[in-house]
Amino acid sequence: MQLPPVQFNPDLEKGIVVDGMPTPIAFGGAGTFACSFAGIDEGKYILIDPDEEEETLATESVCVVIDQERRLRYLYKGGIGLSKEDIRRCVELAGERAGYLSFILEQSASKVQVSD
């Protein structure tokens, strides 16, 4: 896998890709985290990783970060109507998603050959 050079642009307040040779990187997936966002619509529906339109409809939000061993590393909740059950369900769904993303990452990493 190779990554292009990126430079922070203070005017745009984000990183931009600059001209130059991509740098080869080795990636085995160790130490990775999965971050899932959940939008909750009036306590009725939980939307995992909602798109922009779905996110605007949500009345509450939760951000969950899970490591490869499915341990909770970070939890943020926004909104006042979240029950403990809602939060528990969001963490559970994020754990499932982390397992799925970990599987995809392992499959992708095993197919990529890095040359120096």
Cβ contacts < 7 Å: first residue in a helix (DSSP H, G or I), restricted to the stretch 48-64; second residue of a type in the set (D, E), any location; separation 6+ or different chain. Result? L57/D41
Within the stretch 42-63, restricting attention to residues that are over 18 Å from the mean Cα position of the chain (by Cα) and among the hydrophobic types (A, V, I, L, M, F, W, C), which residue is surrounded by the fewest Cβ atoms within 10 Å (Cβ to Cβ)? L57
Selection within the stretch 91-116 - hydroxyl-bearing (S, T, Y), loosely packed, with under 14 Cβ neighbours inside 10 Å and modelled with pLDDT of 75 or more: Y100
Pairs returned, first residue in the stretch 34-47 that is modelled with pLDDT under 80, second residue that is basic (K, R), beta-carbon separation under 8 angstrom, 6 or more apart or interchain, are A34/R97
Here the residues within the stretch 66-102 that are more than 15 Å from the chain's Cα centre (by Cα) and in contact (Cβ under 8 Å) with a residue 24 or more places away in the chain are G79, G81, L82, S83, D86, I87, R89
Tally time: how many residues in the stretch 64-90 are under 20 Å from P50 (Cβ atoms) and buried (at least 17 other Cβ atoms within 10 Å of the Cβ)? 6
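The values are calculated or read from the model by the stated rules, or taken from the named source; none is laboratory data. Small disclaimer: the values here were computed from a predicted structure and weren't measured. Backbone-built Cβ (ideal geometry, glycine too); neighbour counts: all protein chains shown.
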